[in-house]
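Down below is the structure, laid out as structure tokens.
The values are calculated or read from the model by the stated rules, or taken from the named source; none is laboratory data. Since we're looking at a predicted model, the values are computed, not measured. Here the Cβ is made from the backbone with ideal geometry for all residues, glycine too, and neighbour counts use every protein chain on show.
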Amino acid sequence: MKIVFLGTPEFGVDILNALILKHEVVLVVTQQDKLVGRKQVITAPPVKVRAQELGIEVFQPASIRKEYEYIINNFEYDLIVSAAYGQIVGMKLLNSPKYRSINVHASLLPKGRGGAPIQRAIMNGDKETGISIMYMEKGMDTGDVLAQEKMEILDTDTKESLFKKLGALGAKMINDTIDKIEKGDINPIKQDENLATYTYALTKEDEILDFNKEARLVSCQVRGLGDIGATFKIDDVSYKIYSVEVINKEHNNKAGEIIDVTKKYFDVACKQNIIRISEIKPEGKNLMKVSDFINGKGRNILIKSKIIG
């Protein structure tokens, strides 16, 4: 089958790698290159990099809704497959292939519609997620579901680890689903709108730690943010952390209070239980071990301040 593939991050690379094993991908559509990091280096999306390695033509429209005719007028294809593309696609393009258009989405639809299902599943403390493959419709992730498989979210999962596992699951499912579509052996299931939830893209506010939550949910927030990092302030100075340890211990301290400072870590009281921080990134500096932070002025900062907020 001839396929136009829409995707942008590593999750999309997993699906693209699966597609090329059985199908002819005639075009890859991805987001535009962007400036990344402190040095603002122009960086291509992972899907673009992989497509170029495979010798597949790449199209990077600023707005696919305005530039869709390039695809329709210049390529022959039977199916459009999307996986974490990141733009809203118009119905004229979606309805153009013989077998319509399908999307590989990282949640158990109708729960988790939207652009950040993996991150928010972890941040919400969900115990499971999965992959849904559905027809693409006008609404955001509202199309009939063609295939769905569940996956447990472990207490050790981060945004990065869950992206990898769900990408592998989607890759395992995609070709079997396409085979069934081509054979007419597919049973689309309508989504129950009463069960729909939405996972909108993360904002700066989502990065701010809230110690008024129980420690488990603070850990979930940190793990869901992954390489973005979670933020808190001590005396109006911002710090980031990328991992925490949950200490199941009762206390009578205020949420956000620093209750123990050692040479290797410091503990912070949450609404329930405690989180332990062993690595910290002061504003404008690199991530460091708390031991190195304390060897500077860190110990005095932590002991003097008492409350994080």
Exercise. Could you say whether any residue in region 186-207 is surrounded by 13 or more Cβ atoms within 10 Å (Cβ to Cβ) and among the basic types (Lys, Arg)?
Worked result: no
Exercise. Does TYR242 fit the bill of being touching a helix residue (DSSP H, G or I) at 6+ places or on another chain (Cβ under 9 Å), closer than 17 Å to GLU207 by Cα and of a type in the set (Phe, Trp, Tyr)?
Worked result: yes
Exercise. In region 33-66, which residues are over 19 Å from ILE3 (Cβ atoms) and of a type in the set (Asp, Glu)?
Worked result: ASP33
Seminar exercise, completed: Across region 273-290, the tally of residues that are polar (S, T, N, Q) and at pLDDT 95 or above stands at 2
Exercise. Quick check: is even one residue across region 217-238 crowded, with 19+ Cβ neighbours inside 10 Å, polar (S, T, N, Q) and modelled with pLDDT of 95 or more?
Worked result: yes
For this session: Quickly run through region 143-164 and pick out the residues that are of a type outside the set (D, E, K, R), in a strand (DSSP E or B) and within 17 Å of the chain's Cα centre (by Cα).
Result: MET151
Exercise. Taking PHE211, is it outside the structural domain of THR158 (by TED's automatic domain parsing), out of contact with any Ser or Thr (no Cβ under 9 Å at 6 or more places or on another chain) and not aliphatic (A, V, I, L, M)?
Worked result: yes
Seminar exercise, completed: Flagged in region 119-129 as out of contact with any Ser or Thr (no Cβ under 7 Å at 6 or more places or on another chain) and either in contact (Cβ under 8 Å) with a residue 40 or more places away in the chain or outside any loop (DSSP other than H, G, I, E, B) (or both), in numbering order, are GLN119, ILE122, MET123, ASN124, GLY125, GLU128
Exercise. Taking region 255-309, which residues are small (Gly, Ala, Ser) and free of Cβ contacts under 8 Å to residues at least 40 places away in the same chain?
Worked result: SER278, GLY284, SER291, GLY296, GLY298
For this session: Could you check PHE163 against (1) more than 30 Å from TYR68 (Cα to Cα); (2) in contact with a helix residue (DSSP H, G or I) (Cβ under 6 Å, 6 or more places away or on another chain) and say which number it fails?
Result: (1)
Exercise. Would you say LYS159 is over 20 Å from ILE80 (Cα atoms), among the charged types (D, E, K, R) and in the same structural domain as VAL47 (by TED's automatic domain parsing)?
Worked result: yes
Exercise. What number of residues in region 55-92 are in contact with a Leu (Cβ under 6 Å, 6 or more places away or on another chain) and either at pLDDT below 95 or not aromatic (Phe, Trp, Tyr) (or both)?
Worked result: 2
Exercise. Taking ASN187 and the conditions (1) in the same structural domain as ILE102 (by TED's automatic domain parsing); (2) under 21 Å from the mean Cα position of the chain (by Cα); (3) without any contact (Cβ under 8 Å) to a residue 60 or more places away in the chain, which numbered condition does it fall short on, given that it satisfies the others?
Worked result: (2)
